[in-house]
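Here's the structure, in structure tokens; my notes come after.
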Amino acid sequence: MDEHLLRFDKEKDYVFIDCETENLCLHNAHNLAWQIGMIRVKGEKKVAEKDLLVKWDRPINVSKDAARITRFDLMKYKKEAVYIDEIFPTVKDWLDNCDYIIGHNI
């Protein structure tokens, strides 16, 4: 990273987090996240990453446009998705134990 563009401390831990949702319209009240992607960086080095597929108590309903843009794969989702209650401790741990959080669509 260009240090003159960002107050960048190479000793700090950063977590980048992004959520993919059912719809492209984020203000939709029924717009659940179906994927949470996280990358942990220390200084300039990636030290870990997670790609978590989120299962809910109701069937997921990814819109046609959101599926196209995010490359949503229903078969993979059904095979690998885990209930949010099982995922949340990992997300919380990562966010609680970093110095900075950089998020998109969260």
Under the Karplus curve 6.51 cos²θ - 1.76 cosθ + 1.60, θ = phi - 60°, whole-Hz ³J(HN,Hα) for segment 94-99, x wherever Gly or Pro sits: 4, 6, 6, 10, 10, 8
Solvent-accessible area, 1.4 Å probe, carbon plus sulfur percent, for segment 7-81: 50 percent
Cross-link partners of Lys12 among lysines (Cα-Cα below 27 Å; sequence separation of 8 or more within a chain): Lys42, Lys45, Lys46, Lys50, Lys92
Along the chain, longest interval not containing exposed chymotrypsin sites (Phe, Trp or Tyr not before Pro), exposed being DSSP loop plus at most 14 other Cβ atoms within 10 Å: 57-106
Most fluctuating residue given options Leu53, Leu32, Leu74, as computed from a GNM of the chain linking Cα atoms under 10 Å: Leu74
Solvent-accessible ranking of Asp18, Asp99, Asp85, largest area first, probe 1.4 Å: Asp85, Asp99, Asp18
Contour excess over end-to-end distance, with Cα ends at Leu24 and Asp85 and 0.36 nm allotted per residue: 19.5 nm
Placed amide H near Ile102: partners under 5 Å, 5+ positions off or other chain: Val15, Phe16, Ile17
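Rounded, prolate or oblate: which fits segment 53-106, taking a ≥ b ≥ c as square roots of the Cα gyration tensor eigenvalues, rounded meaning a/c under 1.5, else prolate when a/b beats b/c?
On the way: a/c = 2.76, a/b = 1.55, b/c = 1.78.
Since a/c reaches 1.5 but b/c is at least a/b, the shape of segment 53-106 is classed as oblate.
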Expected 222 nm ellipticity per residue - DSSP helices of 4 or more, -39500 (n - 2.57), all of the chain, to 500: -7000 deg cm²/dmol
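Hey, got a sec? Which trypsin sites (Lys or Arg not before Pro) in segment 40-106 land in a DSSP loop and have at most 10 other Cβ atoms within 10 Å? Walk me through the numbers before you get to the answer.
Working: sites: Arg40, Lys42, Lys45, Lys46, Lys50, Lys55, Lys64, Arg68, Arg71, Lys76, Lys78, Lys79, Lys92; in loops: Arg71.
Passing sites in segment 40-106 are Arg71.
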Among [x] -0.70; [y] -0.80; [z] -0.55, the entry that matches log10 I(q)/I(0) by the Debye sum over Cα atoms at q = 0.15 Å⁻¹ as calculated here: [x]
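Mind checking the per residue accessible area of the chain for me, 1.4 Å probe, whole number of Å²?
On the way: 7640 Å² over 106 residues.
Using a 1.4 Å probe on heavy atoms only, each residue of the chain averages 72 Å².
The values are calculated or read from the model by the stated rules, or taken from the named source; none is laboratory data. These numbers were taken from a predicted model, which means no experiment stands behind them. Neighbour counts run over all protein chains shown; Cβ positions are idealised from the backbone, glycine included. These accessible areas exclude ligands, DNA and RNA; they are computed on the full protein's heavy atoms, side chains included. Shrake-Rupley method; radii C 1.70, N 1.55, O 1.52, S 1.80 Å.
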